[in-house]
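The values are calculated or read from the model by the stated rules, or taken from the named source; none is laboratory data. Quantities reported herein were computed from a predicted structural model and do not represent experimental measurements. Using ideal geometry, Cβ is built from the backbone for each residue, glycine included, and neighbour counts are taken over all protein chains shown. Heads up: the accessible areas ignore ligands, DNA and RNA and are worked out on the full protein's heavy atoms, side chains in. Shrake-Rupley method; radii C 1.70, N 1.55, O 1.52, S 1.80 Å.
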Amino acid sequence: MAASILIFLLLGAVAGVLAGLLGVGGGLVLVAALAWLLPTLGVPQEAAMHAALASSLASIVLTAAASARAHHRRGSVLWPTVAWMVPGLLLGGWLGSGVAVRIDGDALRWIVAGYCLLAAAQLTFSRPRTGVGADLAPRGPAMSAAGVAIGAVSAVVGIGGGSMTVPLLVWRGVAPVRAVGTSSACGVAIGLASAVGYAMHAPDGALPQFSVGYVYLPAAIGVAAASVLAAPWGTRLAHRLHGTTLKRVFAVFLVLVGLSLMLKG
């Protein structure tokens, strides 16, 4: 268990940097890593993917909060946009987790892998809308509706929604670094609603000890503890990199994670 805790801490450090850099809670890399690791810790193979998703989302709550706090200090969180999106994100996260617990683990793995590749392609080839001010905070019912979809998909693939929220905000004309900061704040709502959903929707005895529903507590706590400390480093890096560089880093990251999940089969 001691070695496992060390691995969870290292994963948390990576997740924290990614949270600050890319506006995600490191969810995709966590899902891939935990899907490989949890079966070696006594988690049944058929429940490993669900546990990886749930534990990743639980850790994202603190990871995204730390990233959002660091971005807020630099004025990069568009709080009016967050306020419009949160109700939809909470609803979507709850609904998505309810759907995910009914999907076979192998099918979930391919869904996550496919999502990674599609998101990478979208991020690579999309172009931001022109003629919209970078300081404008998108708001309105359309953003709430988008929140439902983002929350639901995020719950199924175990992420904080950055790979959807960031491109959406950039398309709406928001500067990439502000889109990352705003996405981090949105990730708190997604992680909270989704993790609670995985805990409550899971069948009795889904995992061995040290778990609540599908949330494997040693992984969630260990990852969250390290990620909170590492997130500010990613935030500093995000403010030093050009927006185009951020997008390229994000796209490569998604492709690598998707391929790792495919290889697991």
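Here are the numbers:
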item: The chain: angle of helix 217-238 to the longest principal axis, Cα-based, in degrees nearest 10; result: 20
item: Mean separation of Cα contacts under 8 Å, 6 or more apart, over the residue count of the chain: relative contact order %; result: 39
item: Helix 79-100 vs. the chain, principal-axis angle (Cα, 0 to 90°, nearest 10); result: 30
item: Within the accessible area of the chain (1.4 Å probe), percent carbon and sulfur; result: 70
item: Calculated diffusion of the chain, Stokes-Einstein form, Kirkwood radius summed over Cα pairs, 25 °C and 0.890 mPa s, µm²/s; result: 140
item: Sites VAL99 and TRP171 - FRET efficiency at Förster radius 22 Å, r taken between beta-carbons, to 0.05; result: 0.25
item: Folded to 0 to 90 degrees: helix 243-264 orientation relative to the chain principal axis, Cα; result: 20
item: Given 16 as the ceiling on other Cβ atoms within 10 Å, longest exposed-site-free region of the chain for trypsin sites (Lys or Arg not before Pro) in DSSP loops; result: 140-239
item: Extension gain, LEU10 back to LEU237 (0.36 nm per residue minus Cα-Cα distance, nm); result: 79.8 nm
item: Calculated P(r) of the stretch 38-80 - Cα pairs past 12 Å, %; result: 67
item: Accessible area expressed per residue, the chain, with surrounding protein chains retained (probe 1.4 Å, Å²); result: 40
item: Alpha-carbon Debye profile of the stretch 51-128, log10 I(q)/I(0) at 0.11, 0.14, 0.15 Å⁻¹; result: -0.43, -0.71, -0.81
item: Under the Debye formula (equal points on every Cα, no solvent term), log10 I(q)/I(0) of the stretch 106-233 at q = 0.16, 0.18 Å⁻¹; result: -0.93, -1.11
item: Förster radius 25 Å - calculated FRET efficiency between LYS264 and PHE125, Cβ distance, rounded to 0.05; result: 0.40
